[in-house]
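Below is the structure I would like to discuss, written out as structure tokens.
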Amino acid sequence: MKVPSSRWSLVALAALLVPAGLVAQGERDPLARLPASLRYDVEVLMDSARIYGLPVLPLQSKALEGVAKRAPERKIMAEVIREFRSLRDARVALGPSVSVDELTAAAGALRLGITQAQLAQMARSRTDKILTVPLVVLADLVSRGVPKDTASSTIFQLFQKGAADDDFQSLWRGVERDIDSGTDPGQALLNRAREIPSRSPGAPPASTTRPDISETQDR
Amino acid sequence: MSDELSALDPSVQDVIAEARRPVAVDASARRLLMEAVRAEPRPRRAPILAWFVAPKRLTMPPLATLAAAAGLVGIGVIAGYTINRDGRAPTERASRAAVTPQLPDSVVPRAIKFVLIAPQASQVALVGDFNGWDTGATPAERQPDGSWATVVTLRPGRHVYSFVVDGTHFIADPAAPMAPDDGYGQKNSVVVVAGASS
């Protein structure tokens, strides 16, 4: 049987390549889930972030989060802009030599009312320590009702005293338990903070095993 | 041939003979015709590019066509995975490198188990910045004790996430630190995976 030619070849090629291309695009282009107009605005903001030297994934994630939570387009864009501003302000407070995780954690703290000055104070005392876990705990405490000045000053003092990530983790768990049992959030933090041993900055943490904050099944 | 002609009707033979008679062309008409031909511009040599854009007839058996198509798809997939091997956009890799030049090139992802106790739920999924907040990407499995669990491999660092119960209800992980207000009226959680960048 003679099958004519290039026309059939092109049809066969298109039938194979077009779906493959769409699948590849879907895998590699998460922004494809955004409406076209919103996508354009988000991409413009991501371009601006690149110019500022800011990470773009948090902006992309905030937009996709809004789509998943079925927020209106204008609300999504407002939140992406808010995230952009928080990252920019966090960068100003922390300086250039911080990781993306520290930057996003600091941006979250700023959105809770922690000031740039308070963040800068922590950054100045960080030496070679990482700020991510203290800032995550700080944000959690404020979200649970601990007054932000109490939370920031307590976390800062612990950080200065050389508290390790393990210490902040146990602090968070203890405060959470105390709040759940009815203790005033601010008082719960102050009580638990007194239990954290003082260490000279740079000293190794008390435990060598590290049941880090990520292992949610262990809590 | 002459035998065939002789077998034809005489009138047909006359027509054939007339058709075979040379046509007399006037000498001046022949000269005019040849002058007109010479006056025509010489045909230009076709440029090489014209060969590529001119329509061509390509004939391939269907089996060869399918094989060629599969080969092209394979090349594309291999190239794509080679370029984006770690699943992050090149721009994002560049920005991370600019922000944290002290980080090592390789960080080891860790498998993290997420658990939500929700015996009344009919389905639970995990969403977060690690899966693009795709509610269909990471379903949790019901456990015999009524809880729901899923394991996700995450790079070291801070991740924001939430559970989605029955497709619509976003619930923060009660066993994890709370993330700052998400701006959409829901609560998120934070996981910090230990590693170089945490």
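Could we say that A:GLY53 is more than 24 Å from B:ARG155 (Cβ to Cβ) and modelled with pLDDT under 95 here?
Here the answer is no, as A:GLY53 does not meet what is asked.
Here are the criteria: (1) within 11 Å of chain B (Cβ to nearest Cβ); (2) modelled with pLDDT under 90; (3) loosely packed, with under 12 Cβ neighbours inside 10 Å. Tell me which single one A:LEU22 does not satisfy.
(1)
Is it true that A:THR154 is under 24 Å from the mean Cα position of the chain (by Cα), among the hydroxyl-bearing types (Ser, Thr, Tyr), within 13 Å of chain B (Cβ to nearest Cβ) and surrounded by 20 or more Cβ atoms within 10 Å (Cβ to Cβ)?
no
A further question on this structure: So, A:ARG126, is that one of a type in the set (D, E, K, R), modelled with pLDDT under 90 and not assigned by TED's automatic domain parsing to the domain that holds A:LEU54 or not?
Yes, satisfied.
I've got another one for you. Among the residues of the stretch B:179-194, which ones are within 7 Å of chain A (Cβ to nearest Cβ), under 15 Å from A:ALA105 (Cα atoms) and surrounded by fewer than 24 Cβ atoms within 10 Å (Cβ to Cβ)?
Once the filter is applied, which keeps residues that are within 7 Å of chain A (Cβ to nearest Cβ), under 15 Å from A:ALA105 (Cα atoms) and surrounded by fewer than 24 Cβ atoms within 10 Å (Cβ to Cβ), the stretch B:179-194 yields B:ASP181, B:ASP182, B:ALA194.
Filter the stretch B:62-80 down to the residues that are surrounded by 12 or more Cβ atoms within 10 Å (Cβ to Cβ) and modelled with pLDDT under 80 and list them by number.
Correct list: B:GLY76, B:VAL77, B:GLY80.
Matching residues to (1) hydroxyl-bearing (Ser, Thr, Tyr); (2) modelled with pLDDT of 95 or more; (3) part of a strand (DSSP E or B):
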| position | (1), (2), (3) |
| --- | --- |
| B:ALA97 | no, no, no |
| B:PRO101 | no, no, no |
| B:PRO104 | no, no, no |
| B:ALA111 | no, no, yes |
| B:LEU116 | no, yes, yes |
| B:GLY136 | no, no, no |
| B:TYR161 | yes, yes, yes |
| B:ALA175 | no, no, no |
| B:PRO180 | no, no, no |
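If you go through the stretch A:102-144, how many residues are assigned to a helix (DSSP H, G or I) and more than 10 Å from every other protein chain (Cβ to nearest Cβ)?
Count: 11.
I've got another one for you. Suppose we keep only residues that are among the aliphatic types (A, V, I, L, M) and within 10 Å of chain A (Cβ to nearest Cβ) within the stretch B:138-165. Which one would you say is farthest from A:PRO30 (Cα to Cα)?
Among them, the one singled out is B:ALA149.
Residues in the stretch A:98-110: is at least one in contact with a helix residue (DSSP H, G or I) (Cβ under 9 Å, 6 or more places away or on another chain), more than 23 Å from B:ILE171 (Cβ to Cβ), surrounded by fewer than 22 Cβ atoms within 10 Å (Cβ to Cβ) and hydroxyl-bearing (Ser, Thr, Tyr)?
no
Out of (1) surrounded by fewer than 23 Cβ atoms within 10 Å (Cβ to Cβ); (2) more than 19 Å from B:ASP129 (Cα to Cα); (3) more than 7 Å from chain B (Cβ to nearest Cβ); (4) under 17 Å from the mean Cα position of the chain (by Cα), the odd one out for A:ILE81 is which?
Every listed condition holds for A:ILE81 apart from (2).
The values are calculated or read from the model by the stated rules, or taken from the named source; none is laboratory data. A quick note: this is a predicted structure, and the numbers were derived from the prediction, not measured. Positions of Cβ are generated from backbone atoms using ideal geometry, with glycine treated the same way; all protein chains shown enter the neighbour counts.
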